[in-house]
Amino acid sequence: MSGLVIVPDGPAPKDGRTIVSWAHPTTGTAPRCAPSRGVAPFALIEGLTDLLSDGYVVVATDYAGMGIAGASSFLIGATEAANVLDIARASRTMPDTGTSDRLILWGHSQGGHAALFAAERVADYAPELDLLGVGVAAPATDLTRLLDADIGDVSGVTIGAYAFDSYARAYPSQLPEDPLGSILTPAGVAAVPRMVTLCLLGQNGELHAIATPLIGKFTSANPAVAPDWSELLVENSPDEHLAVPLFVAQGAKDTLIKPEITARFVAARKADGTAVTSHVYPDADHATVALTALNDLRAWMRTLT
């Protein structure tokens with residue numbers, strides 16, 4: 001696993017610095033799509049300057065299989081969770097970071113998915129960390145509903161290609177012998193290997209050139225109800241009570257992570273007793289919601305420490 005550790009200037013307080021583990025939105029799945037390998041890696045961490053000025057150490061995983069070769073991780077909850085927690089652990093072994101055991105998770109889109117799974121698993125996976133809360137913006141939650149809602153447009157085909165390839169590699173014993181062929185058209189199967197070599201940042205045109213002709217012609221069966229595939233989508237949808245406070249931001253104009261799907265997730269967490277702070281921003285879309293929510297997020301974070 002690769003990633004970034006960014007430390008504020010100046011001496012650490014006596015009780016150490018709280019760690020914010022940032023989980024990034026989708027940039028691709030190939031090793032070279034890793035944010036830390038980009039030309040402006042710090043620019044991709046939403047809120048970085050403000051979080052550093054607030055005194056946090058900010059850590060940012062690339063996710064497994066990105067940055068350096070490794071296992072598939074795209075929308076695979078257990079792997080993403082380990083990545084988000086391991087980068088926080090790594091920061092505590094580095095000299096001069098001044099980190100404490102206190103941790104806050106912050107993620108957007110795919111990163112919201114990763115942060116939620118990390119919050120679910122931290123007690124067992126990294127009990128030495130003191131998780132204070134988890135903040136998410138437009139999180140990928142109910143993968144079945146999201147897939148149904150998005151597969152009919154160019155973004156859905158692109159995200160689907162990343163996800164189907166990731167699952168086919170990660171779960172060979174749980175899927176049919178020809179996993180992609182069991183749910184995709186021949187054209188879809190042929191397109192996936194090309195698409196997963198391309199990054200969302202910088203290669204959108206190439207991705208869209210492949211994906212656009214596949215709209216309505218990508219899947220041959222609905223993965224949401226297909227045997228084995230449907231079970232994996234449920235398995236990788238975060239849906240547990242959280243023992244720490246949860247902050248959720250959603251843009252009303254988001255066409256990728258539909259507001260009604262996030263609203264269902266928020267309602268379920270409130271019903272199971274999770275302490276939820278939720279904001280819907282009327283003018284925010286998928287790209288802008290994390291930065292739009294930043295002031296509210298920082299105010300919420302200050303209540304945790």
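Worth a mention:
- Computed with every protein chain present, the accessible area of residue 132 is close to 30 Å² [probe 1.4 Å].
- Within the straight-line cut-off of under 29 Å between alpha carbons, the lysines reachable from residue 253 are 217, 270, sequence neighbours fewer than 8 places apart in one chain being disregarded.
- When the chain is treated as a Gaussian network with alpha carbon springs shorter than 10 Å, the biggest mean-square fluctuation among 277, 141, 262 belongs to 277.
- Share of carbon and sulfur in the accessible heavy-atom surface of the chain [1.4 Å probe, %]: 55
- Choice from 275, 226, 12 with maximal GNM fluctuation in the chain (Cα, 10 Å cutoff): 226
- Neighbour cut-off at most 11 other Cβ (10 Å), DSSP loop, GluC sites (Glu not before Pro), the stretch 152-238: 177
- Angstrom value of the Kirkwood radius, inverse mean 1/r, which spans all Cα pairs in the stretch 93-137: 11.2
- Between residue 174 and residue 255, the modelled label-to-label distance comes to 3.3 nm, taking each label 7 Å out from Cα in the direction of the beta carbon.
- By DSSP, the beta bridges lying fully in the chain are antiparallel in about 15 percent of cases.
- Sorted largest first, extent of the stretch 127-248 alpha carbons per principal axis (Å): 47, 34, 26
- With the cut-off at under 20 Å, measuring from each backbone N in the stretch 1-35 to a point 7 Å along the Cα-to-Cβ line of residue 240 picks out 21-23.
- Dividing the summed -39500 (n - 2.57) terms of all DSSP H runs of n ≥ 4 by the residue count of the chain sets its mean residue ellipticity at 222 nm at -11000 deg cm²/dmol.
- Among the listed values [x] 15.7; [y] 14.9; [z] 16.6, the one matching mean projected area of the Cα convex hull in nm² as calculated from this structure is [y].
- Among beta bridges that DSSP assigns inside the stretch 1-106, antiparallel share in %, nearest 5: 30
- Taking 0.36 nm per residue of separation and subtracting the current Cα-Cα distance, fully stretching the chain between residue 39 and residue 264 would add 77.3 nm.
- Each label was represented as a point 7 Å from its Cα along the Cα-to-Cβ direction; for residue 212 and residue 228 these points are 3.5 nm apart.
The values are calculated or read from the model by the stated rules, or taken from the named source; none is laboratory data. Keep in mind that what you see is a predicted model, and the values were worked out from it rather than measured. We place every Cβ from the backbone using ideal geometry, glycine too, and count neighbours over all the protein chains shown. Please note that ligands, DNA and RNA were not included when accessible areas were found on the heavy atoms of the full protein model with its side chains. Shrake-Rupley method; radii C 1.70, N 1.55, O 1.52, S 1.80 Å.
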